[in-house]
Amino acid sequence: MIRFQSVTKRYPDNAEALSSVSFRLGEGAMAFLTGHSGAGKSTLLKLIALIERPTQGEIEIDGLNLAGIRGRHIAHFRRRLGIVFQNHGLLMDRTVFDNVALPLVIAGFRHQDIAKRVHAALDMVGLLRHEKKLPVTLSAGEQQRVGIARAVVNKPTVLLADEPTGNLDPELSREVMHLFEQFNQVGVTILVATHDIDLIRSLDHPALRLDHGKLSLDTELGSAAE
Amino acid sequence: MTPRGARPAPDRQPRSEAVSVQARNHTIGLGNRLSAWLLGHLHTIVFSLGRLARAPLATLMTAGVIAISLALPAGLYVLLDNLRTVSGQWEQAAQVSLFLRQDLRLEQAQAFADEIRSLPEVDAVTLIPADQALEEFRRTSGFGDALNALNENPLPTVLSIQPRVGVGAARIKLLVETLGSRDAVELAQLDMEWLERLFAMMDIVLHAIAIIAVLLGLGVLLAVGNTIRLDIENRRDEIVVSKLIGATNAFIRRPFLYGGIWYGLLGGLVAWIVVSIGMGVIDDPVQQLTHLYQSGYQLRGLGFGGGMSLLLLGGALGWCGAWLAVGRHLRAIEPT
């Protein structure tokens, strides 16, 4: 569950990236976050991942008020999230397996459990046979899928994706979105930031549209997010 | 907790495996957690060694700097230690000479010699009567004719005292003082002053080595710190990604700290080898020298204990250096 209550983010140069944004994305819901570049999509995701802090307002994830999460609790909080980066954010000097295993290693899982879960995650994105390869040897679409496998391997309750299809062609983009829908079906709350209007139109999920930091529900794109 | 203004949350059902798995994670026993923690460390230890092995040249260069910094004071210390052992043997060779008063008769001198002989500190006493001393002097000095010109023997009777082996310098000094205050004795002399000067000099050298060792140790800290700093810089992306997927600072710090320990251990090992080779090289000339002094002195190397100390010291310094770098630079890297 993601809840924003009158959240405003102002950067030190006084630019207001988000202006009094309020919305609620229920548990197990999936929504898009759209808007022109610079509209505040990245800022909104950064606030959820505790990379940035709001100037005003309240953010709540899975019933946790983020304002109270500080210091080393930040790291533990982030383990609840799965984050998919636009540039996949893979570590190029480690194999596909090791990349996907990283969240589990960080969380202190046992070796046998790690192997089991990594294989399951790689199987889901259809890359099990590539587990011993280095990311450079994979295509852009495959690299992004490795990134997704890493984001879901720790079974997060909330999955954030920042322009996950930014570097992919339409067909690969649909594949990636289909993966997200699969995770959504098992109950993961998913928020996908994208400016790919065509892709959004082709899928039946609500879209939160940011325009110069202000939020408007795009009613054209399916039912509102709760 | 239902936030104000929010709609009531839908009933929570065991809707996904994610929830149940998380619940299970929290209930794993302490033993399991401990072994997971140990395994995590073990993994990091091997992993950090692997990272060093993948850049062997850079690793050897850093280890080389550490090795030189450790080998120099260690080698000097070993040499000084040998010198101390050798001069310690000389200390036992110290002699006390008692020059007796001219008017003492030979029998009195002999009685006095017997009395000294019975002291616990004394191993042997040799009496050199004035006549005999003169005769000897005449023979060896080449001043025979000049001595003939003298009316009477200018030399006193001398008691040469050999202290017992193992008697310390302080007790010998005390002995000299006691005997020197006796009426029969004109002058008591300890042939050890030059040895004391040598000891004083060695003490200075020891302090100098300590200063050098401290400075070089600081050098090791800086060298390791700088290497780790570069390492952190090179892994900036990795650190950012790791932090974003929930890595604690401790987790990120760990491989760098173990890396520092590895650098230090490797440096210590190379230093051990360097010192051993160095001792091997100077062993021959030392053998020749001791042969000239007709002593069978064997050069003492670092030994196993000394070598292990070098390793431990290297490891500790490497860890400290890494800690310095990590503390400063990791905090500066946050995802943006």
**OP:** Would you be able to say whether some residue in segment A:69-81 is assigned to a helix (DSSP H, G or I) and touching a residue at least 60 places away in the same chain (Cβ under 8 Å)?
**Re:** no
Original post:
Listed residues B:Val125, B:Val46, B:Val96, B:Val78; which is at negative phi and surrounded by fewer than 16 Cβ atoms within 10 Å (Cβ to Cβ)?
Top reply: B:Val46
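Residue-by-condition table, conditions (1) facing another protein chain (nearest Cβ under 7 Å); (2) at pLDDT below 70:
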| position | (1), (2) |
| --- | --- |
| B:Pro3 | yes, yes |
| B:Pro8 | no, yes |
| B:Pro14 | no, yes |
| B:Leu30 | no, no |
| B:Leu52 | no, no |
| B:Ala55 | no, no |
| B:Thr62 | no, no |
**OP:** Examine segment A:38-53 for a residue that is of a type in the set (A, V, I, L, M), free of Cβ contacts under 8 Å to residues at least 24 places away in the same chain, at the interface with chain B (Cβ under 9 Å from one of its Cβ atoms) and not in a strand (DSSP E or B), and state whether such a residue exists.
**Re:** yes
**OP:** Out of the residues in segment A:189-210 that are assigned to a helix (DSSP H, G or I) and hydrophobic (A, V, I, L, M, F, W, C), state the one that is surrounded by the most Cβ atoms within 10 Å (Cβ to Cβ).
**Re:** A:Ile200
Original post:
Does A:Ala17 meet the test of being among the aliphatic types (A, V, I, L, M), outside any loop (DSSP other than H, G, I, E, B), buried (at least 17 other Cβ atoms within 10 Å of the Cβ) and at pLDDT below 90?
Top reply: yes
Original post:
So is B:Leu266 touching a residue at least 24 places away in the same chain (Cβ under 8 Å), farther than 26 Å from A:Gly71 by Cα and not charged (D, E, K, R) or not?
Top reply: yes
**OP:** Kindly indicate which of A:Ile197, A:Ile190 is more than 23 Å from A:Leu102 (Cα to Cα) and touching a residue at least 12 places away in the same chain (Cβ under 8 Å).
**Re:** A:Ile197
Original post:
Considering segment B:101-144 alone, what residues qualify as being assigned to a helix (DSSP H, G or I) and among the β-branched types (Val, Ile, Thr)?
Top reply: B:Ile116, B:Thr140
**OP:** For segment B:215-259, name all the residues that are within 14 Å of chain A (Cβ to nearest Cβ) and hydrophobic (A, V, I, L, M, F, W, C).
**Re:** B:Ile239, B:Val240, B:Val241, B:Leu244, B:Ile245, B:Ala247, B:Ala250, B:Phe251, B:Ile252
Original post:
Identify, please: which residue in segment A:1-14 is within 13 Å of chain B (Cβ to nearest Cβ) and either in a helix (DSSP H, G or I) or within 24 Å of A:Pro164 (Cα to Cα) (or both) and is, among those, modelled with the lowest pLDDT?
Top reply: A:Met1
Subject >> Residue satisfying all of: in segment A:66-88; within 19 Å of the chain's Cα centre (by Cα) and surrounded by fewer than 16 Cβ atoms within 10 Å (Cβ to Cβ); farthest from the other protein chains (Cβ to nearest Cβ) among these >> reply: A:Asn87
Subject >> Which numbered condition B:Gln298 fails, given (1) more than 23 Å from B:Gly225 (Cα to Cα); (2) without any contact (Cβ under 8 Å) to a residue 12 or more places away in the chain; (3) surrounded by 15 or more Cβ atoms within 10 Å (Cβ to Cβ) >> reply: (3)
**OP:** Look through B:Leu155, B:Leu134, B:Leu190, B:Leu147 and report the one residue that is touching a residue at least 60 places away in the same chain (Cβ under 8 Å) and not charged (D, E, K, R).
**Re:** B:Leu190
Subject >> Test result for A:Leu128, of a type outside the set (Lys, Arg), surrounded by 15 or more Cβ atoms within 10 Å (Cβ to Cβ), more than 17 Å from A:Pro103 (Cβ to Cβ) and not assigned by TED's automatic domain parsing to the domain that holds A:Val21 >> reply: yes
Subject >> Unmet criterion (only one of (1) modelled with pLDDT of 85 or more; (2) at the interface with chain A (Cβ under 8 Å from one of its Cβ atoms)) for B:Ala67 >> reply: (2)
**OP:** Exactly one condition in (1) touching a helix residue (DSSP H, G or I) at 6+ places or on another chain (Cβ under 9 Å); (2) modelled with pLDDT under 90; (3) on the phi > 0 side of the Ramachandran plot is not met by A:Gly38; state its number.
**Re:** (1)
Subject >> Hits in segment A:157-188 (condition: crowded, with 23+ Cβ neighbours inside 10 Å and either within 11 Å of chain B (Cβ to nearest Cβ) or among the small types (Gly, Ala, Ser) (or both)) >> reply: A:Leu160, A:Ala161, A:Val188
Original post:
For B:Ala188, which of the numbered conditions (1) assigned to a helix (DSSP H, G or I); (2) more than 35 Å from the chain's Cα centre (by Cα) fails to hold?
Top reply: (1)
**OP:** Quick one: count up the residues across segment A:29-56 that are of a type in the set (Gly, Ala, Ser), crowded, with 22+ Cβ neighbours inside 10 Å and within 11 Å of A:Leu210 (Cβ to Cβ).
**Re:** 3
**OP:** Please name all residue pairs, on different chains or six or more residues apart, with Cβ atoms under 9 Å, provided the first residue is in segment B:220-238 and is more than 21 Å from B:Gly64 (Cβ to Cβ) and the second residue is of a type in the set (D, E, K, R) and at pLDDT below 90.
**Re:** B:Glu238/A:Asp93; B:Glu238/A:Arg94
Subject >> Filtered residue count, segment A:89-148, keeping only those that are farther than 18 Å from B:Ile245 by Cβ and within 11 Å of chain B (Cβ to nearest Cβ) >> reply: 3
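The values are calculated or read from the model by the stated rules, or taken from the named source; none is laboratory data. This is a predicted model, so every value here is computed, not measured. Reconstructed Cβ throughout: ideal geometry from the backbone, glycine too, with neighbour counts over all protein chains shown.
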